[in-house]
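Report on the following structure.
The values are calculated or read from the model by the stated rules, or taken from the named source; none is laboratory data. Just so we're clear, the structure is a prediction, and the values are computed from it rather than from any experiment. With ideal geometry, Cβ positions are generated from the backbone for all residues, glycine too; neighbour counts draw on all protein chains shown.
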Amino acid sequence: MAITLRSLRGAAGRASRTVIAKSLNEAITKGKQTAFLCHSHKDQTLAKGLQTLLAEDGWDVYIDWQDDEMPASPNKQTATNIKSKINKVDWFLFLATSNSTVSRWCPWEIGYADAVKDNEKILIVPTTDDSGHWYGNEYLQL
């Protein structure tokens, strides 16, 4: 089952009312389910919406562009930081959209996660647009 892009945009509007841990370490200390959200940076609103939906259920979702430790421009340190976060969290989530399926970083991230995470800890979050077009089928076969 896929989540609609409209639902994610709506949830993003509720983001300011959702309590999210100040850091991944804080979330882990509090015993929250933690996840790394793989997504296209073109989908920041959708990523924020998914983060909000999961936070409403007690999860803490790491999004790289919210991390002050990330370099301003992607480089080797970016890759090192991403690997570290993927290893540290409980879950790896792939937000499947038209943008993420053609991203340069997303396939690398999911490939890394596939190598270090148990398959049952990798979740594909398929989406549908207003026309009913479904994104994520190619990754669901992993």
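The set of residues in segment 90-122 being touching a strand residue (DSSP E or B) at 6+ places or on another chain (Cβ under 7 Å) and among the aliphatic types (A, V, I, L, M) consists of Leu93, Leu95, Ala96, Ile110, Ala113, Ile122. Here Leu140 fulfils each of the conditions (1) of a type in the set (A, V, I, L, M); (2) modelled with pLDDT of 90 or more; (3) within 16 Å of the chain's Cα centre (by Cα) apart from (2).
Candidates in segment 69-83 are the residues that are under 13 Å from Tyr112 (Cα atoms) and in contact with a helix residue (DSSP H, G or I) (Cβ under 9 Å, 6 or more places away or on another chain); of these, the one that is surrounded by the most Cβ atoms within 10 Å (Cβ to Cβ) is Ile82. Restricting the first member to segment 70-93 and to residues that are within 24 Å of Leu50 (Cβ to Cβ) and in contact (Cβ under 8 Å) with a residue 60 or more places away in the chain, and the second to residues that are assigned to a strand (DSSP E or B) and acidic (Asp, Glu), the beta-carbon pairs closer than 9 Å and six or more apart or on different chains are Val89/Asp60.
Taking the conditions exactly as written (among the hydroxyl-bearing types (Ser, Thr, Tyr) and outside any strand (DSSP E or B)), does Thr127 satisfy them or not?
No.
Residue pairs whose Cβ atoms lie under 7 Å apart, sitting 6 or more positions apart in sequence or on different chains, and linking a residue in segment 19-42 that is of a type in the set (S, T, N, Q) to a partner that is modelled with pLDDT under 65 and surrounded by 19 or more Cβ atoms within 10 Å (Cβ to Cβ), are Thr34/Leu24; Thr34/Ala27. Considering only residues that are of a type outside the set (D, E, K, R), surrounded by fewer than 18 Cβ atoms within 10 Å (Cβ to Cβ) and part of a loop (DSSP other than H, G, I, E, B), which ones fall in segment 88-102? Passing the criteria: Ser98, Asn99.
To keep it simple, each residue is scored yes or no on (1) over 10 Å from the mean Cα position of the chain (by Cα); (2) among the β-branched types (Val, Ile, Thr); (3) within 23 Å of Ile3 (Cα to Cα); (4) modelled with pLDDT under 90.
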| residue | (1), (2), (3), (4) |
| --- | --- |
| Ala47 | no, no, yes, no |
| Ala55 | yes, no, yes, no |
| Trp59 | yes, no, yes, no |
| Ala79 | yes, no, no, no |
| Asn87 | yes, no, no, no |
| Leu95 | no, no, yes, no |
| Thr101 | yes, yes, yes, yes |
| Trp105 | yes, no, yes, no |
| Glu120 | yes, no, yes, no |
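For Leu54, the stated conditions hold: it is outside any strand (DSSP E or B) and crowded, with 16+ Cβ neighbours inside 10 Å. For first residues located in segment 106-132 and surrounded by 11 or more Cβ atoms within 10 Å (Cβ to Cβ), partners that are acidic (Asp, Glu) and lie 6+ apart or on another chain with Cβ distances below 8 Å form the pairs Lys121/Asp90; Ile122/Asp114.
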